[in-house]
Each structure stands twice: as structure tokens, then as C-alpha cells.
1. Just checking, which of 131, 174 is of a type in the set (A, V, I, L, M), surrounded by fewer than 21 Cβ atoms within 10 Å (Cβ to Cβ) and on the phi < 0 side of the Ramachandran plot?
2. Residue 214 versus (1) more than 29 Å from residue 120 (Cβ to Cβ); (2) out of contact with any helix residue (DSSP H, G or I) (no Cβ under 7 Å at 6 or more places or on another chain); (3) buried (at least 17 other Cβ atoms within 10 Å of the Cβ): which is the lone unmet condition?
3. Suppose we keep only residues that are open to solvent by 40 Å² or more (accessible area, probe 1.4 Å) and either touching a helix residue (DSSP H, G or I) at 6+ places or on another chain (Cβ under 7 Å) or in contact (Cβ under 8 Å) with a residue 60 or more places away in the chain (or both) within the stretch 57-70. Which one would you say is farthest from residue 104 (Cα to Cα)?
4. If residue 343 passes every condition in (1) over 30 Å from residue 104 (Cα atoms); (2) assigned to a helix (DSSP H, G or I); (3) open to solvent by 30 Å² or more (accessible area, probe 1.4 Å) but one, which one does it miss?
5. Given the conditions (1) of a type outside the set (S, T, N, Q); (2) within 28 Å of the chain's Cα centre (by Cα); (3) within 26 Å of residue 573 (Cα to Cα); (4) surrounded by 15 or more Cβ atoms within 10 Å (Cβ to Cβ), and given that residue 544 satisfies all but one, which numbered condition is not satisfied?
6. Quick check on my filter: what residues within the stretch 44-79 are assigned to a strand (DSSP E or B) and at positive phi?
7. From the residues in the stretch 412-423 that are open to solvent by 30 Å² or more (accessible area, probe 1.4 Å) and closer than 19 Å to residue 440 by Cα, which one is farthest from the chain's Cα centre (by Cα)?
8. Looking for something open to solvent by 10 Å² or more (accessible area, probe 1.4 Å) and in a loop (DSSP other than H, G, I, E, B) - is there at least one such residue anywhere in the stretch 96-104?
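The values are calculated or read from the model by the stated rules, or taken from the named source; none is laboratory data. This structure is a prediction, so every number in the text was calculated from the model and none was measured. Positions of Cβ are backbone-derived with ideal geometry, glycine not excepted, and every protein chain shown enters the neighbour counts. Side chains are part of the model used for accessible areas, which takes the heavy atoms of the whole protein and leaves out ligands, DNA and RNA. Shrake-Rupley method; radii C 1.70, N 1.55, O 1.52, S 1.80 Å.
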Amino acid sequence: MLKKLNIKLLVLAFCALTIKVSAQEVTSRLQGMADIPISGTTINMTYDPKGGPLENIQEINGYAYVFNDYRWEIEDIKMKKNGSTWNADFTVPKNCAFMAFKFYGNTENGLVTDTNQDKGYMLVAFKEPKVKMPGADLAWATFRNKNFNGEFNGYFKDFSIDGDATEYWLKKEVQDHPDRFPEFFDTYIKILKKQKPEKFEEIAPKVLTQFSKNTKGMPEEVFVKLRSIYLFDLKDQKKADSLETVIEKQFPNGAYLRFNAYQKINKIADAAEKYKAANQFLTDFPYSKEVPASQNYLYDNIVKIKFGYYFETKDYKSILALIPTMNFASVNDGYHQYISKALYLKSVDPAVIETMAVPMIKEMKAKVNDLSYMQGIYWSPNQATENAKNQLNNELVIQIRMFDMLKKYPEVLETFDALPLEKRYEKASINDIHVRALEALNKPIIEVLKNAARRNTLSEGMTAKLKEAYLKEGKKESDFPAYLEQLKKENKSEEKIAFIDIAAPAIKVQGTDGKTKQLDLNSGKIIVIDFWATWCGPCKKAFPAMQQLVTSFKEDKQIEVYFISTQENHEGYKKAAVAYLKEKGLKLDTYFDLIKKGGSTNNESFSKYAAIFKSSGIPRKVVIKNGKIRFTSEGYSGNPGQLVDELTGVINALKNE
């Protein structure tokens, strides 16, 4: 341990200012935040969303970032609705020094959060009145500093204390708890580099040299951090190599060598050799309680390597033996990467796939609450579990498709019933399978058709079946459209369109006649762009809906719709695109993105839009008016009615501006 006097001298070389910091003002949206929260006690709070970003959210949850025994963790807040407000109870962990609360709600347009208008809902914990917990000042210094904000998923948008305030609280932590300095010396060095860059190379070595005199008996983590600082911050290869030797000698089965061994496996290209190396890794570094939580993912990935090898070599018996040893996340990854892909590509007989898929789903159901998706402080326990449930639902949909291929209709219905109610009618293609199974088993289909209509997820074929049932009741054909709209309204809540306002990059395209033109994006017209490619299945599946949209607005001179083929690099893609549209009887005029100079892919215009949206996924719909991108969406849900209604709503709203 460092002597208290030495620590003070080191800090004084770094810190010069003492700043008066006032207490945080508690706002009206979160009442009951204890003035002096004591570790181990429960804080009973009331959260009122009125006037905040979560005001109209039906389901609100919350979690807390906690600094517990000098380590950051994430814990859920127990939320319970109480009229228009929410009871928010949080038990302060035993060694907690600091906590910051965050409230959130899931919406159709993504996650909405409340962090007190960027001021934060924060509390410092006490051992007893007037005695703060060790780590309180360190957490107060770093959590509110912009240089650390990324570690907390952007808790603050713009707020940050200045460097001097960070120095002040860091100084207090070191002075009050010098014995804990080894647990945060790397944070000290990081702040030093940010605050005193011109003196960093002079001061840091002195700090580290003094610190290193007292490292005997310290855990491996300290030596690994020291090596990293010397190697990456101070560029001192010799010192870093010296520390590496110490680590290898003192911790031959530790985290550092474990990680290095894992990295070597990733560099192996040959599947058989990689599998062999993965088994050797498990021999050299068997999993135990000594493995830090931060390295659990190494073992998850080793299991994935083995699963993949067994699958590719058709050793399905070994897969069945491996499944019970896997956690939820690993089973799900195996299902997604191999089972789902093989079914889609039809590369493996569905009957063979079934022998693995059924026990995998069974295992996922049993382990859905195992928190294997928790890595670091990215997700709270509730969020990790919710993600696992969503992943399971996705795989159940694949399972339904598999049973349909096998014509196992009782299993189709059984799997469909395993989906939560809100997930059962999300996709038109799954509704088709559901109806097909019911018909095969001579069961009524009308309620499924109605429910799908309410969710606006009827395919053309199912719409025809619903119409047929409607007419059999003696109703008029002319009244069917109104009936269908009424069903949609029964489940439709008023959704606000997520309009944006971003300058639209220029778009140059080539027509099927070979002529190049630049689209006029500033004509005052509403321009709908559909970026697609011949290799993109969802792009092509969305075309019937887009044809319906084009037909609906073909007489409207204020609307222009362009289908732009992009991200193609195979020979003859232009002829293939035209041939596909002709084959399917689609009256959609397609254009072709240009190829960048020196490139081989036609994505000159699309790449500009991909950069804006930080995604190159297609299909990508973009709606432009007066030179501005006003709306965009990526992908296709498989529900033609939803796509048509969504774009129709956008177009009509822009026409009325």
C-alpha cells in the first residue's frame, strides 16, 4: 500500500484548485430521494412522469448505475404504477458509494429516457450521517465528467463538470482513502492525461514509479493496468515488456494470459485447427469461479466455435451433447447463426434441423432468465432478461416456419401459442402459416384473420379469405373496404410520425436507357426513394406493397417515386433487375446508383445516405421534400398493409404542411 504522505504529494503535483460544489437540486419528477442514503437501506421514491419525456409512456422502468466497492454495476429499480405516478423503490447495495437513476420507456420509435433534463438523478451514499462511503468522491468526480460518459451509455447528453471540479473530488478521494488507491490509479492517470497533457509525460512516470514500489502482493489486475498505461499512454515498450514478464511469472493461469491465448484462436482460419485450439484453451484455462465476469464471454465464444465446427462437419450428435452446457446467449447465437440460416438457405434437411432446433428451444425456455446477456453495465438485469425473451420470440417464429416446412401443423399451433399475445400477429407470413395449419386441422380461421386485420398484417391471400368469409355472411362487397378499415381502427393508436429535417445529399442515377440524370430534390414535390438490390430478399418482398403505393398516387403530380438499385457488384445486375421486375409483373421504373471512381460497387449516392443514418442496410425508404430528408425507414416487416399505410401517412402529412 502507498503511504498517505506520498499519495498527498503526488496529488498536489496534479491538483491545485479547491472548488466549492453545491448539492444537487432534487426536481419534482422524482420525490423521496434521501438526503443521506445509508448503504443497505431501501429508498422509497415516487416518480411522476408529467411534464417530462416519459409523460405519455404506458410502461416505465428504471435502473441505477451504482459505484459499489470501487466497481461500477447496474441495478434495477423496482417500479410499480400508482395512479398517474410510479412507486420507485431502490435498495442501496451494502458497499455502494454513489448511485445515478435513469428512467426509460420503450416506444414504436425506440427507447425514451429521463435523466432529469440532463442534470441527473444522483445520490452519494453514506456509511453513517456525515461519513461518506469510500469511493463516493471518486464516483462524483468521474460520473459527471464527459470523458467518462461513454462508459454509462451516454447518461448525460451535454452536461459535464469541468476538469478542475473533477480534480478536486479526485483529490479528496485520494486523501481520505489512500489505501484504496490501487483500485483507481488508472482513473487517476486518465484524468491526469486529460487535464495536464503538456506535463503528462513528466508527471505520470513519477506517479507510477512511486506506486510500483508498493505493488507486492497486489492482484493481477493492477499489473495489467500498469502495463497498459506504459504501453499505450507512455509508449514505453521496455517497461511494458518488463511488466508482462512479471504477469506471466506471477499469474500463469490469469486473465492476461487467458486473453492472449483466446486472441490466438481468433487468428486461426482453418476450422479444424481452430476447433483443436479451442479445446486446448479449455484444457489450459478451465472455467472456474476465479475467471472474472469480464471474461465470461471468452468461454461463450469457445462454445460457439465448437458448435459451429460440429454443425459444419455434420456432427449433430455432439451438438446435442453440447446444448445442455450452453447458456441462453450461446444457444440463441447457435440457433440464429446455424439453424435459422440453414433453414433459409435450405442447405440442411428440415427434418435434421428439427432434431437440434427442438432441444435448443427447450433449453432457451429453461434459461431465459440466466442473465447471460449481461456484460458489464450495458444492460440492467431486467433489460438483459427482456432482450432474452425477445430473442426467444424471434427463434419461435423461425421454429414455426420449420414446422410448416415439415407440415407438422399441431406443432405449428403449439409454437404459435407459446408466443406472447403482442407478438402473435406481427408478421403477415406467419399469419399465413397459422391459417394454413388451422385449415389443415379443420379448425376455424376467422378469428385469426380478424386479429391479423386488426394488426394490419394481412397478406393479399389472407385478405381474400377474410373477404370471402365476409361475403358468406350476406354482406355487400362494396362494404368490405370499410369493414377492413374498422378492424384496423380497433387496434390502432394514434402514432406520431417521426419526422426529421436533414439536408438531402444529391442523387445521381442511371436509367435503364443508359442515360445519367440527377434527381431534382428541391422541386417542392414529395420524393419517395426506395433503395434496393437484386440480392436483397426483403427488398423484393416489399415490392407488391410499393406497387400498391405507386398505383395509389399515380395521378398525383406532386408525388414522385424512384426505385434505385444500389450496392450491386456482380456482372449483369442491371439486366437482372429489369428482368426480375418484368417477371413479377411489377410496373416499377428502376434506376441504378452510380459506381464511385476506382470502385466496383454502385453505391455512390446511397453511401452518402448510409453515412447519415449510420447503416448500409436495405431496403431503405427515404422521403424528401424541398431538399430535406423528412422521413426514413430501414428493412421490411413483411406486412404489406403496414408499409403502404406508413408511407401514405407520411406523404399525406407532408402534403398538408
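1. Every option except 131 fails the conditions.
2. (3)
3. Of everything passing the filter in the stretch 57-70, 69 is farthest from residue 104 (Cα to Cα).
4. Condition not satisfied by residue 343: (3).
5. (2)
6. Those that are assigned to a strand (DSSP E or B) and at positive phi: none in the stretch 44-79.
7. Checking each candidate, the answer is 414.
8. Here is the first cut: in the stretch 96-104, the ones open to solvent by 10 Å² or more (accessible area, probe 1.4 Å) are 102, 104.
Going one step further and asking which of them are in a loop (DSSP other than H, G, I, E, B), we end up with none.
Checked the stretch 96-104: no residue is open to solvent by 10 Å² or more (accessible area, probe 1.4 Å) and in a loop (DSSP other than H, G, I, E, B).
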